[in-house]
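If you scroll down you'll find the structure; I have some questions about it.
The values are calculated or read from the model by the stated rules, or taken from the named source; none is laboratory data. None of these values were measured; they are calculated from a predicted model. Virtual Cβ from ideal backbone geometry, glycine too; neighbours counted across all protein chains shown. Surface accessibility is based on the protein's heavy atoms, side chains included, excluding ligands, DNA and RNA. Shrake-Rupley method; radii C 1.70, N 1.55, O 1.52, S 1.80 Å.
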Amino acid sequence: LDSWGGVIKQACLQGFVYFGPDLGREVTFVRLEQWLSGFKRLYHPEDPTAAVLARAELFARYLSGYGPATVQDFCFWSGLPTKMGGEAPEAIGG
């Protein structure tokens, strides 16, 4: 975290801010809760139990669009490590 860019990167990685619309050559960042009306966060980034449920929801939605598929397919598509993605089927009942 050697610069402001490092601070913003950490906030993005933790799910607190996201890239917003460009303003000419300027990059903007937004909090989705404030920018999109009706936005509902599936989990708080610092709650590991809720994070498993959010990954399970993502997996269920992935299967509805791309299934049948394997956990490895889901992990490749989502960019999740196999260990994290592998928890999703159990969380949705297999």
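Which of the residues that make up segment 27-70 are under 19 Å from ILE8 (Cβ atoms), open to solvent by 60 Å² or more (accessible area, probe 1.4 Å) and part of a helix (DSSP H, G or I)?
The answer is GLU33, GLN34, TRP35.
Considering only segment 71-81, how many residues are exposed (fewer than 14 other Cβ atoms within 10 Å of the Cβ) and either in contact with a His (Cβ under 7 Å, 6 or more places away or on another chain) or farther than 23 Å from GLN14 by Cβ (or both)?
So the answer is 2.
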